[in-house]
1. For region B:1-71, what D do you get in µm² per second when you plug the Kirkwood radius from alpha-carbon pairs into Stokes-Einstein at 37 °C and 0.692 mPa s?
2. Starting from the 7 Å offset along Cα-to-Cβ, what nm value, one decimal, do you get for the label separation of A:R130 and A:M1?
3. For every helix of n ≥ 4 consecutive DSSP H residues, a contribution of -39,500 (n - 2.57) applies; sum these over chain B, divide by its total residues, and give [θ] at 222 nm rounded to the nearest 500 deg cm²/dmol.
4. Count, for each residue of A:127-136, the Cβ atoms from other chains sitting within 10 Å of its Cβ, then give me the mean as a whole number.
5. Output, in nm with one decimal and in ascending order, the distances from the B:D26 label point to the matching label points of the other copies (7 Å from Cα along Cα-to-Cβ).
6. From the square roots a ≥ b ≥ c of the eigenvalues of the alpha-carbon gyration tensor of the protein assembly as shown, which class results: rounded (a/c under 1.5), prolate (a/b over b/c), or oblate?
7. Tell me the distances, shortest first, between A:A109 and the same position across the other copies, using label points 7 Å along Cα→Cβ, in nm to one decimal.
8. Report, in degrees rounded to the nearest 10, the 0 to 90 angle that the Cα long axis of helix A:2-23 makes with the longest principal axis of chain A.
2 protein chains.
Amino acid sequence: MILDSILRNLKAQNDQLNRLLSQISDEQLAQEVAPGKNTGVYLLGHIIAANEGMLTLFGAGDKMYPELEMAFLRTPDKSGQEMPTPAALRDMWAKSSAALQELFTNLPAEEWSNRHTAVSEADFANEPHRNKINVLLSRLLHQAYHVGQIALLK
Amino acid sequence: MILDSILRNLKAQNDQLNRLLSQISDEQLAQEVAPGKNTGVYLLGHIIAANEGMLTLFGAGDKMYPELEMAFLRTPDKSGQEMPTPAALRDMWAKSSAALQELFTNLPAEEWSNRHTAVSEADFANEPHRNKINVLLSRLLHQAYHVGQIALLK
């Protein structure tokens, strides 16, 4: 029941970002969300890269777009890193969010309280909260935080 | 276990907002987060007012600051409504977030999947997802969304 609620909220958050992306142009997305702050393009790439890290953390295979890591996770905006076009990022968001949603929907209920792959069995014995549900919740809150910023471009 | 994870993430989100508030002055908080957008003062009042609605939704008594409702929930920023000072809002945030955290920590586990007070028993039979856990999750995501905006004032 609680899990169902989390997955409903995940879907609502993804729907909200999809709606927002349909309301702003590529030109708007390339703007800074506030003077001197990150661009919408950076924040969208950052959300995609952070979220798809869950594919490996859940032991569900490799990242779909590992090339995003350098530009959107390891370096700040405007570092001179090569970035995909807004159109390419929109496509990556659609495909990676769909893949993750499918992964979560099909994960057996008992799997959610198991450790993620970045924590060892020994550490997990002492820190049982480092489980899959915690990863999803914190990434979802991270997404909401940055979507609030992208929404300023409307 | 899942509930424990949600309460951990709630605490982390509140800690993040507390840290942010300690880093920005009252003058910064009174600024717009981006040109022509909401001020930090409005967003903080909006978070407090939305969150403390959970006191009534959880059947835990009246709102602590019902006077916030008109300025921060029913009308947009810069409507000419009277607003508390930044200092008063900081105090309201501290007190209301502590009261809510205590309410959630002490709520019996089985209560979380029960309906909230804004849904009737008949409606709840058809829409069992309209429970307390769903209210907390959506308010928490709402908070993260606006905290991302307030963070632009740093």
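1. Working: Rh = 14.0 Å.
After rounding, the answer is 234 µm²/s.
2. It works out to 3.2 nm between the two label points.
3. One gets -19000 deg cm²/dmol as the mean residue ellipticity at 222 nm.
4. Details: counts 0, 3, 5, 1, 4, 1, 7, 7, 1, 1.
Mean partner shielding for this stretch: 3.
5. 4.8
6. On the way: a/c = 1.69, a/b = 1.08, b/c = 1.57.
Here the protein assembly as shown falls in the oblate category.
7. 1.4
8. 10 degrees
The values are calculated or read from the model by the stated rules, or taken from the named source; none is laboratory data. It should be emphasised that the depicted structure is a prediction, and the values quoted were computed from it without experimental measurement. Please note: Cβ atoms are built from the backbone with ideal geometry, for glycine as well, and neighbour counts cover all protein chains shown. Quick note on the areas: whole protein, heavy atoms, side chains included, nothing else; ligands and nucleic acids left out. Shrake-Rupley method; radii C 1.70, N 1.55, O 1.52, S 1.80 Å.
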